[in-house]
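Reviewing the structure listed below.
The values are calculated or read from the model by the stated rules, or taken from the named source; none is laboratory data. For clarity, every value in this text was computed on a predicted model and none was experimentally measured. Virtual Cβ from ideal backbone geometry, glycine too; neighbours counted across all protein chains shown. For accessibility, only protein heavy atoms count, side chains too; no ligands or nucleic acids. Shrake-Rupley method; radii C 1.70, N 1.55, O 1.52, S 1.80 Å.
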Amino acid sequence: MLASVYYGPHDVRVENVADPQIQEPTDVVVKITHAAICGSDLWFYRGITRPEPGTHTGHELMGIVEEVGREVRSIKKGDRVIAPFFISDGTCDFCRAGLYTSCRHRQSWGIGGNDAGQGEAARVPLADGTLVVVPAEVGDDQQLLKSLLPLTDVMGTGHHCAVCAGVKEGSTVAIIGDGAVGLCGVLAARRLGAARIILFSHHEDRAAIGRAFGATDIVTEQGEEAVNKIMAMSDGGIPHVMECVGSQATFDTAINIARPGGTVGFVGVPAEQPTIGLSRMFGSNIAMRGGVAPVRAYIPELMADILAGKIDPAPVLTMTVNMSGIPDGYSAMDRRTAIKVMVRPLQRAAINTKSGQSGK
Ligand SMILES: [Zn+2]
C-alpha cells in the first residue's frame, strides 16, 4: 500500500510500504477513506521535533473495517469507523474515567511499528477501545463524512479546551489561535452556550470562518497591543480563555488577558517548552487547565450533534489531496495557504492483507 513517510524537515514522501495485517487478536485492519494533516504535524515538518526517519505520518483517520481479529467484540467487517489520535484499550482505570490519553496501554500511530493515518490502510490495535463506529445511515454521504473527519482530533481538541476553560451558558470567552483547533474551539464554545466569543485572528479568511462558527468579536492585534485591546473592551479581563497554539507568545497573551479568578484552558502542543507566567497567575488567582485532549471520550456526543446538524466543523478543511498530494498538503499548511488538509486515498480494490510485501 501507499503511505506517507517522514525523512526529515520538509521531506515527507509517499511510498510503497508493507500492507497491514492482523497481528494481535484485538486488531482490526481498516481501509482508510479519509485522513487529515494536523497542525501538530508541522512540528516535525519544520524540524522542531525529530522523529526517526522512516516514521509513517498521520494520526487522524476514518475508514472501513476490512478484517477483524478474533477477540474484537464491538467492531465488525464493513463498519465505518473513526479513529482518534491515540490508541487506547477502553477498559483501564484512566479510560473508564474518560482520560483515554493516559491509557495504561496507550499507543501512537506511526510509532513502534504501528501504521499511521496518512496511508491507504492501517492495522488498528486495541480496536474495541480505540474505534468509534459511524451509524450505518450516514452511508457514503461525503459531505457528512467530511464533517465527521475533524472528530479524529481538532473538533475534540477545541471542545476539550472549552471544557477546561470552564465555558458554560452565558460565558464570555477569548480564543487564541485561528488554526483548525482554535476555530473548532469557537464552535465548541458556542455549543456550550457562550454568549460572547472573542477570536484572535489576523487572517481574514480564518476570521470569516470564525464568525460563521459563532465568534462575536475578532481581535487582530497581537502581544501587548492585544492585551490592551482586551482590557479596553472588557471589565478587567476575560473569565474563560482558550489557548489553542502552544507558543510562548500565545501562553503569555492567554495569561495576561485572563480576568482575576479566571481560567485558561490550553490545548496547543507546547513543543518549544514555553515558560508560564506564574507571577501573574499567582497574583490574580488565574487557573490553568488542559493538555492533550482525550478526544475518544468526546466523539460520541460531538458526532451526535454533527449528525443532528447542530455543528459542522467541515469548513476548517480547506484543501483536499489524494495520496500523491500529501507533500503538497504539508507545504500548503506550512505556508498557511491551507487551514487544514483532507487526504482522500485513491479509490481502489480491497487491499491485499496477506502479502505483507514491503516496498521500503
Ligand atoms: Zn486504557
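Pick out which of CYS38, CYS244, CYS92 has the largest mean-square fluctuation in a Gaussian network model of the chain, springs linking Cα atoms closer than 10 Å.
Answer for the Gaussian network model of the chain: CYS92.
Apply the a/c threshold of 1.5 to the C-alpha gyration tensor of the stretch 113-162 and tell me whether it is rounded, prolate or oblate.
On the way: a/c = 1.63, a/b = 1.13, b/c = 1.44.
Oblate, since a/c reaches 1.5 and b/c is not below a/b.
Nearest 20 debye, what's the magnitude of the dipole of the stretch 158-290 about its Cα centre given +1 on Lys and Arg Cβ and -1 on Asp and Glu Cβ?
Dipole of the stretch 158-290, to the nearest 20 debye: 480 debye.
Pop out the carbon and sulfur fraction of the accessible area of the chain as a percent, whole number, probe 1.4 Å.
On the way: 7350 of 14580 Å².
Reported share for carbon and sulfur atoms: 50 percent.
Over the chain, with the other protein chains present, what is the accessible area per residue in square angstrom, probe 1.4 angstrom?
40
Quick one: divide the alpha-carbon radius of gyration of the chain by 2.2 N^0.38 Å and tell me what you get.
Rg over 2.2 N^0.38 Å, computed on Cα atoms: 0.98.
DSSP loop trypsin sites (Lys or Arg not before Pro) in the stretch 13-52 with at most 14 other Cβ atoms within 10 Å of their Cβ, which ones?
On the way: sites: ARG13, LYS31, ARG46; in loops: ARG46.
Passing sites in the stretch 13-52 are ARG46.
State whether the stretch 158-290 is rounded, prolate or oblate according to the following rule on the C-alpha gyration tensor (a ≥ b ≥ c being the square roots of its eigenvalues): a/c under 1.5 gives rounded; otherwise a/b larger than b/c gives prolate, and the remaining case gives oblate.
Because its axes are fairly even, with a/c under 1.5, the stretch 158-290 counts as rounded.
Show me the GluC sites (Glu not before Pro) within the stretch 21-71 that DSSP assigns to loop and that have at most 13 other Cβ atoms within 10 Å of their Cβ.
GLU71
Treating the angle as unsigned and between 0 and 90°, give the value, to the nearest 10°, between the Cα long axis of helix 223-233 and the longest Cα principal axis of the chain.
60
Return the aspartates and glutamates within reach of LYS146: Cα separation strictly under 13 angstrom, same-chain partners fewer than 8 residues apart disregarded; answer none if there are no such residues.
List returned: GLU60, ASP312.
Just by accessible area at a 1.4 angstrom probe, what is the order of ILE218, ILE75, ILE111 from largest to smallest?
Largest to smallest exposure gives the sequence ILE111, ILE218, ILE75.
Using a simple charge model, +1 on the beta-carbon of Lys and Arg, -1 on the beta-carbon of Asp and Glu, nothing else, what dipole does the chain show about its Cα centre, in debye to the nearest 20?
On the way: 33 positive and 38 negative charges, 64 e Å.
Here the chain has a charge dipole of around 300 debye.
Share of antiparallel DSSP beta bridges in the chain, in percent to the nearest 5?
DSSP beta bridges in the chain are roughly 55 percent antiparallel.
Once you order the gyration tensor axes a ≥ b ≥ c over the Cα atoms, which shape class does the stretch 1-60 get: rounded for a/c under 1.5, otherwise prolate or oblate by comparing a/b with b/c?
Judged from the Cα gyration tensor, the stretch 1-60 comes out prolate (a/c at least 1.5, a/b above b/c).
Cα centroid distance between the stretch 152-219 and the stretch 220-256, in Å?
For the stretch 152-219 versus the stretch 220-256, the Cα centre distance is 14 Å.
Using helices alone, I'd like the mean residue ellipticity at 222 nm for the chain: each DSSP H run of four-plus residues gives -39500 (n - 2.57), total over residue count, nearest 500.
Roughly -8000 deg cm²/dmol at 222 nm, from the helical runs in the chain.
Working from Cα positions, state the angle (0 to 90°, nearest 10) between the long axis of helix 295-307 and the longest principal axis of the chain.
90
How high is the relative contact order of the chain, in percent, with contacts defined as C-alpha pairs under 8 Å that are six or more residues apart?
20
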